[in-house]
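**Student:** Just passing along the structure, written as structure tokens.
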Amino acid sequence: MITRFRTRLVLILAGLVAGALLVALAAVWVATENQLGRSIERELSVSERVFRELLDSRSAQLLQAAEVLTDDFGFKRAVASKDRETIVSALVNYGERIEAELMVLQTPEGEEIASSHAFDKLRIRHSGAGSNSELAVVEGELFQLVTVPVNAPNLIAWATLGFEVDSGLAEELKNLANADITLWLENSGKVIASSLEARQVSSFAKALNKDGHTLDNWLLSQELAGSEVVLDAGSDDAVHVALTTSLETAAAEFTRLHWQIALIAIVALVIAMLLAAIIARGVSRPLQQLSGAARKLQQGDYSESELSLNDDEFGELANTFGSMRKAISEREKRISYQASHDHLTDLPNRSFFREQLQYRLDGNTSSGCLLLLNIHQFRVLNDSVGQEIGDDILRQLSARLKWCCGNAELLARIGGDEFAVLYASDKSEFDLDNKIKELHSFLDTPFKVGDSDYRLAFNIGVVYFPGHGNEVDLLIRRAQVSVQQSKLQKSFYVEYKSGLDEQYMRRLQIIESLKDAVADKELHLVLQPKINCQTGSLVGAEVLLRWQSDKLGFVGPDEFIPLAEQSGAITELTNWVCRESAKLLQSWHEQGRTLKLSINLSTVDLLSDALPLLFEQLIIDFPELPKLLVLEITESAVMKDPEKAIARLETLKRLGFSISIDDYGTGHSSLAQLRRLPVEELKVDRAFVQHLSEESKDKSIVRSTIHLAHELGLRVVAEGVENEDSWRVLQSMHCDELQGYFFSKPLPISGFIDYLNNHETNG
């Protein structure tokens, strides 16, 4: 029997210390185990969100890669000419470059033109006239399919590239999502891809084919934690995704903590037996601190705990605990940051911007200004110089915006070529004019990449809240409407005003109705007579297009022509005008009339490779057409791409057509540029002719223009002649031909025939 007090005291105190240590160990154990479960759940949730965003990001990248093929002129021409051998070769070669395993080309109706594989039945969903990305099960394998339209400029085919979702992709996604990825088919129980070890994949495949199998049972057997996601693959056999992580790995830091606490307990017991009184007092305090730190960690509080411990085992434990806390906190912050920021510019992304804007809108007294900045034709620049240079320009742009908009509440990249700037100021407080001037100054400077300078054009839409709306989607849409209006007005920025929504909707209606205008026979031609300046005789007419829509009523050419150019519908309109004009000239020719008609070609028409093909076909049907048809182009159309425009004009010249420069004097062409153009006619803009009898400066400009044109061997046409005085002045200047309301307004074909007959009778 132990009778010595000292021994009993040591044993009692040691027992008390041991009991206290056991209680503390239990508290820490429970706390860390609970935290472990919560940490795993949060990590899996974040991993699932990152996985979905990675799939979306991969879809965007694959779509961009596929669009490079469909934008290739040689490929479009092969598709248009139905050259199957060239199509297959292009598909295979490009597919190999971007590592596509499946390639299909279909007609707009979905019929197969060419493919890299033979399929019994492949269903591909088309999204209107735009690009589309989807997951699809093809012959028991999962593919990520990207479908893009092939436009020339209208839709002529659908190109589909398939990228197999295999274990290699699963491994890549694992590294980014921080979790193992396993994909399988629900009905067949086939494992498609997995980043797990081979033995785990085999075990999972066997478990799938057992009755009563659940993912939880298999995870429990493999000591894993995970979650399940069902993907839409457009198939009856649903695709399931399991995101799994090792419980052992997740618990490694907690296990080390348990061992360290156990070691400390053993040391404490030994010391307690030697120095019971000292140990009794010294053990309780640090354990209480550690227990409190564990509870904070359990509750998700990652703030630094105040652990006033000595430089001993408890101090080491505190340091290890702090390191674990910091590691978990930094990892969650990193994952959260990546989910809310753009990886290229390091700016907040669209989802984060929407959350912050919604937060602002939820405040009853909240007001502010939203600037939506769009890079004009950035995709064209990206396609022409490459994505690497485009990315460098975007990084430079984000740096400029950070510098210029440093006082903004939020700056974000919300799209490929869109940036949003949020200011916490209402309309009365925000100095918009100065901010726009500052932005314009910063953005007008060329962007330097290597030895090259790149000058970008921008369009900005401005909205205020709550004045222009108190909903996120409404504000963003109205800002985008303002951006579109800025593009139409060719201005740097446009502030949203009431009615822009209606204008925007009308433009959409016009663009939509234009698709059927030709088929519905809503278009008609009008002719404005062209008069010999010296004799007053009728020598021809300019063909003008008019549109009387059943839905929209009369739509003026100044309204629908720019929209037709933007939407690509201008090509079909030009083709219709050319064919109708050719028919009219052919009928007159058969009647013995040799009048000339002039038609207008837009910038899109002039730069289109299909234009010479159209005229070559028309010449086959009517060989005399080049002698009777004058093609009018504007100075601005030529200056868009001078070299290509001149080459196209020379081609039309070789076909026998006369070329006329319209609206001369309002563009930016030089005399040297004019000398290079293969033109035969110069049309003086009405701005210099309307007040010719009154303005001496206009007389000097017109006189010198006529003299210069005649020196170059060009015929001169003056448009906008509104009175006889202007006619006589032009007559004295030896102008060749005239147009204007003094002679006649644009007439329907029947009215022009009457005008022609009257002229012949009076002549």
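**Student:** Being of a type in the set (D, E, K, R) and touching a Lys or Arg at 6+ places or on another chain (Cβ under 9 Å) is the filter; apply it to region 588-620 and report the residue that is nearest to PRO748 (Cα to Cα). Explain how you work it out, then say what you get.
**Tutor:** Applying the first criterion (of a type in the set (D, E, K, R)) to region 588-620 yields 590, 593, 596, 605, 609, 616.
Now restrict to residues that are touching a Lys or Arg at 6+ places or on another chain (Cβ under 9 Å): 596, 609.
Numbers: LYS596: 16, ASP609: 31 Å.
Applying the filter and picking the extreme gives LYS596.
**Student:** How many residues are in contact with a helix residue (DSSP H, G or I) (Cβ under 8 Å, 6 or more places away or on another chain), closer than 17 Å to GLU164 by Cα and either small (Gly, Ala, Ser) or part of a strand (DSSP E or B) (or both) if we restrict to region 88-101?
**Tutor:** Looking only at that region, the number is 1.
**Student:** Continuing with the same structure: Can you name the residue in region 487-527 that is of a type in the set (A, V, I, L, M, F, W, C) and not in a helix (DSSP H, G or I) and is also nearest to PHE378 (Cα to Cα) among such residues?
**Tutor:** Within region 487-527, the match that is nearest to PHE378 (Cα to Cα) is PHE492.
**Student:** Which condition does PHE554 not pass, out of (1) out of contact with any helix residue (DSSP H, G or I) (no Cβ under 6 Å at 6 or more places or on another chain); (2) surrounded by 14 or more Cβ atoms within 10 Å (Cβ to Cβ), if it passes all the others?
**Tutor:** Condition not satisfied by PHE554: (2).
**Student:** Moving to a separate point now. Among the residues of region 1-49, write down those that are aromatic (Phe, Trp, Tyr) and either modelled with pLDDT of 70 or more or within 19 Å of THR320 (Cβ to Cβ) (or both). So that I can check it myself, show each step before the final result.
**Tutor:** Keep residues of region 1-49 that are aromatic (Phe, Trp, Tyr), which gives 5, 29.
Across region 1-49, the qualifying residue is only TRP29.
**Student:** To continue, here is another question. Counting only residues that are of a type in the set (Asp, Glu) and in contact with a helix residue (DSSP H, G or I) (Cβ under 9 Å, 6 or more places away or on another chain), which one in region 232-254 is modelled with the lowest pLDDT?
**Tutor:** My answer is GLU253.
**Student:** Criterion first (closer than 29 Å to GLN338 by Cβ and modelled with pLDDT under 75) does GLY130 satisfy it? Show your work before the answer.
**Tutor:** Numbers: closer than 29 Å to GLN338 by Cβ: yes; modelled with pLDDT under 75: yes.
When the stated conditions are applied, GLY130 passes them.
**Student:** Of the conditions (1) modelled with pLDDT of 85 or more; (2) not assigned by TED's automatic domain parsing to the domain that holds SER482, ASP392 clears all except one; give me its number.
**Tutor:** (2)
**Student:** For region 593-630, name all the residues that are among the basic types (Lys, Arg) and not in a loop (DSSP other than H, G, I, E, B).
**Tutor:** The answer is LYS596, LYS627.
**Student:** Out of everything in region 345-389 that is in the same structural domain as VAL421 (by TED's automatic domain parsing), of a type outside the set (S, T, N, Q) and over 23 Å from ASP444 (Cβ atoms), what residue ends up being modelled with the lowest pLDDT?
**Tutor:** So, considering only residues that are in the same structural domain as VAL421 (by TED's automatic domain parsing), of a type outside the set (S, T, N, Q) and over 23 Å from ASP444 (Cβ atoms), the one modelled with the lowest pLDDT is ASP383.
**Student:** Then there's this: Do you know which of the residues in region 164-202 that are among the small types (Gly, Ala, Ser) and surrounded by fewer than 15 Cβ atoms within 10 Å (Cβ to Cβ) is nearest to GLU139 (Cα to Cα)?
**Tutor:** SER188
**Student:** With the condition kept exactly as written, say whether any residue in region 717-730 is closer than 30 Å to ALA582 by Cβ, out of contact with any strand residue (DSSP E or B) (no Cβ under 7 Å at 6 or more places or on another chain) and at pLDDT 90 or above.
**Tutor:** yes
**Student:** Another question about this same structure. Of (1) in contact (Cβ under 8 Å) with a residue 60 or more places away in the chain; (2) surrounded by fewer than 21 Cβ atoms within 10 Å (Cβ to Cβ); (3) part of a helix (DSSP H, G or I), LEU475 satisfies all except one. Which?
**Tutor:** LEU475 satisfies every listed condition except (2).
**Student:** Separate question: Kindly establish whether GLU542 is surrounded by 14 or more Cβ atoms within 10 Å (Cβ to Cβ), under 30 Å from GLY751 (Cβ atoms) and among the acidic types (Asp, Glu).
**Tutor:** Yes: the conditions hold for GLU542.
**Student:** Within region 511-531, does at least one residue satisfy the condition of being over 30 Å from GLU388 (Cα atoms) and within 22 Å of the chain's Cα centre (by Cα)?
**Tutor:** Initial filter on region 511-531 (over 30 Å from GLU388 (Cα atoms)): 511-531.
Now narrow it down to the ones that are within 22 Å of the chain's Cα centre (by Cα): 511-512.
Scanning region 511-531 turns up at least one residue that is over 30 Å from GLU388 (Cα atoms) and within 22 Å of the chain's Cα centre (by Cα).
**Student:** If the Cβ limit is 7 Å and pairs must be 6+ apart or interchain, which residue in region 632-644 that is in the same structural domain as PHE657 (by TED's automatic domain parsing) and closer than 19 Å to LEU544 by Cα pairs with which residue that is of a type in the set (D, E, K, R) and surrounded by fewer than 21 Cβ atoms within 10 Å (Cβ to Cβ)?
**Tutor:** Taking only residues 6 or more apart or on different chains, the pairs are THR634/ASP663; GLU635/ASP663.
**Student:** Just to be sure I understand the filter: pairs with C-beta atoms under 9 Å, separated by 6 or more residues or on different chains, first member in region 527-546 and assigned by TED's automatic domain parsing to the domain that holds TRP727, second member of a type in the set (Asp, Glu) and surrounded by fewer than 20 Cβ atoms within 10 Å (Cβ to Cβ). Which pairs pass?
**Tutor:** What qualifies is LEU538/GLU760; VAL543/GLU580.
**Student:** Hey, can you tell me all the residues within region 711-733 that are buried (at least 16 other Cβ atoms within 10 Å of the Cβ) and closer than 22 Å to VAL638 by Cα?
**Tutor:** Passing the criteria: LEU714, ARG715, VAL716, VAL717, ALA718, GLU719.
**Student:** Taking the options LEU708, LEU671, name whichever one is at pLDDT below 85 and of a type in the set (A, V, I, L, M, F, W, C).
**Tutor:** LEU671
**Student:** If I ask for residues that are farther than 22 Å from ILE510 by Cα and surrounded by fewer than 17 Cβ atoms within 10 Å (Cβ to Cβ), which ones from region 563-585 would you list?
**Tutor:** ARG579, LYS583
**Student:** Another question, then. Would you pick out the residues in region 131-148 that are part of a strand (DSSP E or B) and touching a helix residue (DSSP H, G or I) at 6+ places or on another chain (Cβ under 7 Å)?
**Tutor:** Those that are part of a strand (DSSP E or B) and touching a helix residue (DSSP H, G or I) at 6+ places or on another chain (Cβ under 7 Å): SER133, GLN144, VAL146, VAL148.
**Student:** What pairs come out if I take residues in region 349-374 that are touching a residue at least 24 places away in the same chain (Cβ under 8 Å) and pair them with residues that are among the acidic types (Asp, Glu) and in a strand (DSSP E or B) whose C-beta lies under 6 Å away, six or more apart or interchain?
**Tutor:** ASN374/GLU418
**Student:** Which of the residues spanning region 515-526 are in contact (Cβ under 8 Å) with a residue 12 or more places away in the chain and more than 12 Å from SER744 (Cα to Cα)?
**Tutor:** Residues satisfying the conditions are LYS515, ALA517, VAL518, ASP520, GLU522, LEU523, HIS524, LEU525.
**Student:** Give the residues of region 149-188 that are part of a loop (DSSP other than H, G, I, E, B), free of Cβ contacts under 8 Å to residues at least 60 places away in the same chain and closer than 27 Å to LEU69 by Cβ, sorted by residue number. Steps first, answer last, please.
**Tutor:** Of all residues in region 149-188, those part of a loop (DSSP other than H, G, I, E, B) come to 152-154, 165-166, 178-179, 186-188.
Keeping just the survivors that are free of Cβ contacts under 8 Å to residues at least 60 places away in the same chain gives 165-166, 186-188.
Result: VAL165, ASP166.
**Student:** Suppose we keep only residues that are assigned to a helix (DSSP H, G or I) and hydroxyl-bearing (Ser, Thr, Tyr) within region 52-87. Which one would you say is farthest from ALA159 (Cα to Cα)? Break it down into steps so the answer makes sense when it comes.
**Tutor:** First, pick out the residues of region 52-87 that are assigned to a helix (DSSP H, G or I): 52-70, 73-80, 84-87.
Within this subset, residues satisfying the condition of being hydroxyl-bearing (Ser, Thr, Tyr) are 57, 59, 70, 86.
Numbers: SER57: 20, SER59: 15, THR70: 7, THR86: 14 Å.
Restricting to residues being assigned to a helix (DSSP H, G or I) and hydroxyl-bearing (Ser, Thr, Tyr), the top hit is SER57.
The values are calculated or read from the model by the stated rules, or taken from the named source; none is laboratory data. Everything numeric here is computed off the predicted structure, so don't read it as measured data. A quick note on method: Cβ atoms are made from the backbone with ideal geometry, for glycine too, and the neighbour counts reach across all protein chains shown.
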